[in-house]
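The block underneath contains the structure these notes are about, expressed in structure tokens.
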Amino acid sequence: MILHCATTNAGKLGEFGHAAGELGGDVFRIEALPGVKDIPVPEETGATFEENAVLKALYYSGFSEELVFADDSGLEVDALGGEPGVQSARYSGEGATTEKNNRLLLERLEGAEDRRARFVCVIALARKGEVVSTFRGTVEGEILEEMRGGNGFGYDPLFYCPAFGCTFAEATTEMKLHVSHRGEAVRRMLDFLRR
């Protein structure tokens, strides 16, 4: 079964595809929604990861006959009241980049003792303008005071995961699959589809 993923983020698509191969065997294949790079991006106006994932899945499902899924994911930091949250990709404002976002996060956490955080991923699965279901995954960790590792993307170099004793940017794709927020959300989606 082919599942179309509505993302232009190569890192996310790679993680989703790897998860489907590991968790779904030969039954499921995740591919980018055909032509997704040429489709105008919808404005993410939701206040929660769930709202944004549903908004995107409904929108992009109009461009395919197959099942389409979209996700909204990000980082929640306890000491910052849940920031950056749904603004994770745009945290540093207009012209936000990974480097600027990470730098701003470190600035706002300077001197903070409580550095607990979690990555959240919500996947919404839709077909032809109707939501089929949503799936949530989370992973707990903490924000380091400096970046470590060269893998992954986004906040991965700052996110230390006690489950395997390193940052997400130091972990292999296989390691992340078993504990990551995306891995958990994909696992729940595939389990749902098997039933």
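The values are calculated or read from the model by the stated rules, or taken from the named source; none is laboratory data. Since we're looking at a predicted model, the values are computed, not measured. Glycine also receives a Cβ, built like all others from the backbone with ideal geometry; neighbour counts cover every protein chain displayed.
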Some residue of segment 74-82 being without any contact (Cβ under 8 Å) to a residue 24 or more places away in the chain, surrounded by fewer than 21 Cβ atoms within 10 Å (Cβ to Cβ) and either under 20 Å from THR134 (Cβ atoms) or under 12 Å from the mean Cα position of the chain (by Cα) (or both):
yes
Say we look at segment 106-138 and pick out the residues that are among the hydrophobic types (A, V, I, L, M, F, W, C) and over 18 Å from the mean Cα position of the chain (by Cα); which of these is surrounded by the most Cβ atoms within 10 Å (Cβ to Cβ)?
LEU109
Can you name the residue in segment 9-51 that is assigned to a loop (DSSP other than H, G, I, E, B), of a type outside the set (Asp, Glu) and modelled with pLDDT under 90 and is also surrounded by the most Cβ atoms within 10 Å (Cβ to Cβ) among such residues?
PHE28
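May I ask you to list the residues in segment 141-160 that are more than 14 Å from the chain's Cα centre (by Cα) and either charged (D, E, K, R) or surrounded by fewer than 15 Cβ atoms within 10 Å (Cβ to Cβ) (or both)?
Step one: of segment 141-160, the residues more than 14 Å from the chain's Cα centre (by Cα) are 141-151, 157-158, 160.
Those that are more than 14 Å from the chain's Cα centre (by Cα) and either charged (D, E, K, R) or surrounded by fewer than 15 Cβ atoms within 10 Å (Cβ to Cβ) (or both): GLU142, GLU145, GLU146, ARG148, GLY150.
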Just one of the numbered conditions (1) hydrophobic (A, V, I, L, M, F, W, C); (2) buried (at least 16 other Cβ atoms within 10 Å of the Cβ); (3) in contact with a helix residue (DSSP H, G or I) (Cβ under 7 Å, 6 or more places away or on another chain); (4) closer than 25 Å to ALA79 by Cα is not true of ALA163; which one?
(2)
Out of all the residues in segment 62-82, which are charged (D, E, K, R) and assigned to a strand (DSSP E or B)?
ASP71, ASP72, GLU76
Report, ordered by the first and then the second residue, all pairs with beta carbons closer than 6 Å, sequence separation of six or more or different chains, a first member in segment 179-195 that is in contact (Cβ under 8 Å) with a residue 60 or more places away in the chain, and a second member that is of a type in the set (Val, Ile, Thr) and outside any helix (DSSP H, G or I).
SER180/VAL139; HIS181/VAL120; HIS181/THR138; HIS181/VAL139; ALA185/ILE123; MET189/ILE123
